[in-house]
Amino acid sequence: MKLYNSLTHTKDEFVTNEPGKVKMYTCGPTVYHFAHIGNLRTYIMEDALVRTLEYLGYDVLRVMNITDVGHLTGDSDDGEDKMLKGAKREHKTVMEIAKFYTDAFMKDCEALNIKRADIVQPATGCIREFIKMIKKLLDGGYAYVSGGNVYFDISKLDKYYVFGEHDAENLEVGVRDGVEEDTFKRNPADFALWFTKSKFEDQELKWGSPWGMGYPGWHIECSAISIKYCGERLDIHCGGIDNAFPHHTNEIAQSEAYLGHKWCNWWFHVLHLNTASGKMSKSKGEFLILDLLKEKGYDPLAYRFFCLQSHYRKPLVFSYEALDNAQTAYYKLRSKCSSLADGEEIDSEAFERMKADFCEAIGNDVNTSLAITCVYDVLKSETDDATKKALIKDFDRVLALDLTEPLPEKEKEADDPEILEQIALRAAAKKDKNYGEADRIRNELAARGIILVDTPQGTTYKRT
Ligand code: AMP
Ligand code: ZN
């Protein structure tokens, strides 16, 4: 399989530390609010990666954290604590907020057919591991205590900015209003590993540590949780592109300083979903969450289809018009796939040939849009229904679009554009006195359970 690596900026043959096994870590959500559909794009594309690896025969162990402490509104140790902000907004405790939005995130994932990671670990459950790691970084001279907080000293590394040439927009570190420079730091890019001098009087969650009562910085959680479950050598780390700097850069700095060797080989970054007016935001304009799309009548899987139609390394612009088109195309495709007749016998030559095309598409840097084209190619092919259905079921292990499931009831009632097209073709054939063709169309539809009803006003149809 070929996979782009944002650390080397090249697409290479994917290799793992242990043959056939993939250890993967994913930055999970900060559970202070609903995930917006931009966040969900990242999780959908990461899911496509996991499913691709499994489809190609890898045994994948996937770990995800839940950020329920330490993530400030600015990604560089500035701004307010996001969890506290959520708790204040809703007059609840931080833990109540964390539980509510973790559940909401899991519900969104389920609706989008995103597989749950094998291990989902809230950061507040690993404080001991964070402290152990910070202690070792201090002992090794990579960290220092200043003003009561512990910081990582980036000047101790030969190379800190490992991702190099991301463009300025992608390197943006988040909201910067009201930022005061942290005078405790030796170098401006040093980052906090542990805070005892909270910037907020009412910081709710604090733990005892060798440096006093306090709480962890955001970056340490991903390194410690990943090492705890995946061991010292990670195969792939995933996240949205905004996380490359400073979050992933800091993760690499502290993990490699702690381990004394290279930590993660492959970095998989998903480009952003934007609106026509710019960046997706939880605070400005319409808050685009999955529940809002559902309220407006969109199927979550139509949103998944919309995401899979473009490559993860390209930015994607969201509009309702684009989603309307995706939903129409999705239902049309699903209607065709689900009405294919089942059968015992399949044409194994055709099966293997078209499966190879699909593997080629998906195995080339998770090219999901080309993989969807393979589904259309199967439908257009000369082979029989049973082979087509078997192929599409197989491809759907990666696409996870429920393609061979019947359409939702409300969609079934609506006139299916593909059937209307067949009815129009039959009417045209009858007009041309080509009764053989007209009968062929009627019989073909009947075989799919679609019965034509001729009335003085025209032809309608019903399903058996
Ligand atoms: P957060 O909950 O803020 O920690 O973000 C969860 C995930 O969504 C991270 O991997 C982010 O990099 C990613 N992300 C944030 N904004 C967007 C966006 N507009 N489009 C795609 N992914 C995003
Ligand atoms: Zn992370």
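Read the figures in this text as sums done on the coordinates, not as results from a lab. As the structure is a prediction and not an experimental result, all values here were calculated from the model. Because the Cβ atoms are built from the backbone with ideal geometry, glycine has one as well, and the counts that use them run over all protein chains shown.
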ask   = Taking the Cα centre of each part, how many Å lie between region 1-72 and region 250-319?
value = 11 Å
query = Among 441-449, 60-68, how do they line up from the highest to the lowest mean number of other beta-carbon atoms within 10 Å?
reply = 60-68, 441-449
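How large is the dipole of the chain about the Cα centre if only Lys and Arg carry +1 and Asp and Glu carry -1, each at its Cβ, rounded to the nearest 20 debye? Before the final figure, lay out the partial values.
Values: 60 positive and 76 negative charges, 99 e Å.
Computed charge dipole of the chain: roughly 480 debye.
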query = At q = 0.09, 0.11, 0.13, 0.19 Å⁻¹, what is the log10 ratio I(q)/I(0) for region 279-399, with the Debye formula run over Cα points and no solvent?
reply = -0.31, -0.44, -0.59, -1.05
request  = At 7 Å along the Cα-to-beta-carbon direction for both residue 332 and residue 162, put a label point, then send me their distance in nm to one decimal.
outcome  = 4.6 nm
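So for the chain, Kirkwood radius off the Cα pairs, Stokes-Einstein at 37 °C and 0.692 mPa s: how many µm² s⁻¹? Provide the component values of the computation, followed by the final result.
Details: Rh = 24.6 Å.
My calculation gives 134 µm²/s for D.
In this model, which of 85/228; 336/393; 228/262 are farther than 19 Å apart at the alpha-carbon? Let's see the in-between values first.
Numbers: 85/228 29 Å; 336/393 13 Å; 228/262 16 Å.
Going by Cα-Cα distance, 85/228 fall outside the 19 Å limit.
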ask   = Order of 18-26, 126-134 by packing, highest average Cβ count within 10 Å first?
value = 126-134, 18-26
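Of the listed peptides 32-45, 368-381, 388-401, what is their order by residue-averaged count of other C-beta atoms within 10 Å, with the highest listed first? Mind dumping the intermediate values first?
On the way: 32-45: 23.6, 368-381: 17.5, 388-401: 21.4.
Averaged packing, sorted descending, gives the order 32-45, 388-401, 368-381.
Only Cα pairs under 8 Å and at least 6 apart count here; give the relative contact order of the chain as a rounded whole percent. Each step should come with its number before you reach the end.
Details: 719 pairs, mean separation 79.0, N = 464.
Answer for the chain is 17 percent.
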query = Which pairs, out of 156/279; 314/355; 82/115; 23/197; 332/462; 11/389, put more than 24 Å between their alpha-carbon atoms?
reply = 156/279; 314/355; 82/115; 23/197; 11/389
